[in-house]
Amino acid sequence: MQQERNYSIDLLKTILAFLIVLHHSPSPFHDTMQPITTCAVPTFFMISGFLIFRKEISFKRIMKNAIRIMKIFLGALLIFYIWFWIRHEELYIPNFKDICLMVFANNEPLSGHLWYLMAYAYALIVIAIFTLKGKMQYLKYIAIIGLVLYFLFDIWHIYCNVPKYLTLVYCFRNFFFTAIPMMFIGSTVVDRNSIRTKTIAVWLIFFSICAWVEMNSFHVNHIADVYFFTIPLSFFLFSLFVNCKIRKPNILTKCGEKYSLYIYILHPIIIKLLTNEFGRDTYFVGMMSFMLTLLVSVLYAVFKNKIKSIANNSKSI
């Protein structure tokens, strides 16, 4: 059953988009904030899982969403191919290794952050297939296996002091180890009463402290961007916003609803331009990058809607 829209989730999308921009922006406090900013992508996946399972699951609906996300991924990939050509004055030609990493591990080599879109599309395809076969219970097993394997490899990586090559990192940031487990966790989140919300807030503060201590005191060399306290921190962050319901939209919720995905896609370009202009040790690159990317996203959305309107009017004539 489709339920009343909770605009607090849209507000959370805005916050998460801002955290992702901070995570990728150079600044003197980057490493200190990393335990918190790292929870943004897992929380985005949890939101997706929560929203997908709030409605009736059908093969047609899930596959339609998967195709839409894959089209967005290909469009974003084209943008960064052009960006690569502008920066280096040559076209990027992927080798066989790059192609295999992209197809099987969702590693997009041009910017590094578009793996999220491909992993999301792959996870939706898996869900669609399980829906078609009537085997949706298998999603839980895949999520558990993915998480267990991730942390087993992570522990092996930590205690054997395996060099952290980017290829190794990208192999564990994909649909199997991140997208499906996080989306399944998001699907388990339910609304609770206000008393429970206070408890969630306490747990959120507790795991925020734990995540900060883990990264800034113990300096654990994890295999990828999901740390020991990333998942519980992401879970309670998302649970808090699910419970703190906002019934009416505002400018921040509209930003999350309409532009958070655009911000996610475009922000590395703005960050690079500002870093070249102001250097890596400034405090305001992250904030400025977020505001400028939001502006570009709004302009792009307006332009896109205008083109669609013109196209529709042409068809009706």
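Can you go through 242, 226 and tell me which one is buried (at least 21 other Cβ atoms within 10 Å of the Cβ), among the hydrophobic types (A, V, I, L, M, F, W, C) and under 28 Å from residue 100 (Cα atoms)?
Working: 242 fails: under 28 Å from residue 100 (Cα atoms).
None of the others qualify; the one that does is 226.
When the residues of segment 138-174 are narrowed to those that are charged (D, E, K, R) and open to solvent by 70 Å² or more (accessible area, probe 1.4 Å), which ends up farthest from residue 117 (Cα to Cα)? Can you show your working first?
Step one: filter segment 138-174 for residues charged (D, E, K, R), giving 140, 154, 164, 173.
When the remaining residues are screened for being open to solvent by 70 Å² or more (accessible area, probe 1.4 Å), the result is 140, 164.
Numbers: 140: 21, 164: 23 Å.
The qualifying residue farthest from residue 117 (Cα to Cα) is 164.
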In segment 40-61, the residues that are out of contact with any Phe, Trp or Tyr (no Cβ under 9 Å at 6 or more places or on another chain) and either under 16 Å from residue 18 (Cα atoms) or not in a loop (DSSP other than H, G, I, E, B) (or both): 51, 52, 59, 60, 61
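If you go through segment 53-65 one residue at a time, do you hit one that is of a type in the set (Phe, Trp, Tyr) and within 28 Å of residue 236 (Cα to Cα)?
Within segment 53-65, the subset of a type in the set (Phe, Trp, Tyr) is 53, 59.
Subsequent filtering for residues that are within 28 Å of residue 236 (Cα to Cα) retains 53.
Yes: one or more hits.
Got a number for residues in segment 187-207 being part of a helix (DSSP H, G or I) and touching a Ser or Thr at 6+ places or on another chain (Cβ under 7 Å)?
Total meeting the criteria: 1.
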Among (1) part of a helix (DSSP H, G or I); (2) touching a Phe, Trp or Tyr at 6+ places or on another chain (Cβ under 9 Å); (3) touching a residue at least 40 places away in the same chain (Cβ under 8 Å); (4) open to solvent by 30 Å² or more (accessible area, probe 1.4 Å) - the single one residue 258 does not satisfy: (2)
Long-range neighbours under 6 Å by Cβ, at least six apart or interchain, first residue more than 17 Å from residue 227 (Cβ to Cβ) and modelled with pLDDT of 95 or more within segment 182-211, second in a helix (DSSP H, G or I) and hydroxyl-bearing (Ser, Thr, Tyr): 183/48
Residue in segment 18-31 that is at pLDDT 95 or above, aromatic (Phe, Trp, Tyr) and either open to solvent by 10 Å² or more (accessible area, probe 1.4 Å) or not in a helix (DSSP H, G or I) (or both) present: yes
Residue in segment 83-132 that is modelled with the highest pLDDT, counting only those that are at positive phi and within 22 Å of the chain's Cα centre (by Cα): 106
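Out of the residues in segment 262-281 that are in a helix (DSSP H, G or I) and out of contact with any helix residue (DSSP H, G or I) (no Cβ under 7 Å at 6 or more places or on another chain), state the one that is surrounded by the most Cβ atoms within 10 Å (Cβ to Cβ).
That would be 272.
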Of the criteria (1) crowded, with 17+ Cβ neighbours inside 10 Å; (2) of a type in the set (Asp, Glu); (3) at pLDDT below 90, which one residue 10 fails: (3)
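Within the group 90, 56, 4, which residue is open to solvent by 70 Å² or more (accessible area, probe 1.4 Å) and touching a residue at least 60 places away in the same chain (Cβ under 8 Å)?
Numbers: 90 fails: touching a residue at least 60 places away in the same chain (Cβ under 8 Å); 56 fails: touching a residue at least 60 places away in the same chain (Cβ under 8 Å).
Of 90, 56, 4, the one residue that is open to solvent by 70 Å² or more (accessible area, probe 1.4 Å) and touching a residue at least 60 places away in the same chain (Cβ under 8 Å) is 4.
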Given (1) over 16 Å from residue 52 (Cα atoms); (2) touching a residue at least 60 places away in the same chain (Cβ under 8 Å); (3) buried (at least 21 other Cβ atoms within 10 Å of the Cβ), index of the condition residue 177 fails: (2)
Some residue of segment 129-137 being open to solvent by less than 40 Å² (accessible area, probe 1.4 Å), among the polar types (S, T, N, Q) and farther than 17 Å from residue 45 by Cβ: yes
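Which of the residues that make up segment 63-81 are among the β-branched types (Val, Ile, Thr) and under 16 Å from the mean Cα position of the chain (by Cα)?
69, 72, listed by residue number.
The values are calculated or read from the model by the stated rules, or taken from the named source; none is laboratory data. Everything numeric in this text was worked out from a predicted model, so none of it was measured. Don't worry about glycine lacking a Cβ; one is built from the backbone with ideal geometry, like all the others, and counts go over all protein chains shown. For the accessible areas, the whole protein counts, side chains as well, though only heavy atoms, and no ligand, DNA or RNA atoms are used. Shrake-Rupley method; radii C 1.70, N 1.55, O 1.52, S 1.80 Å.
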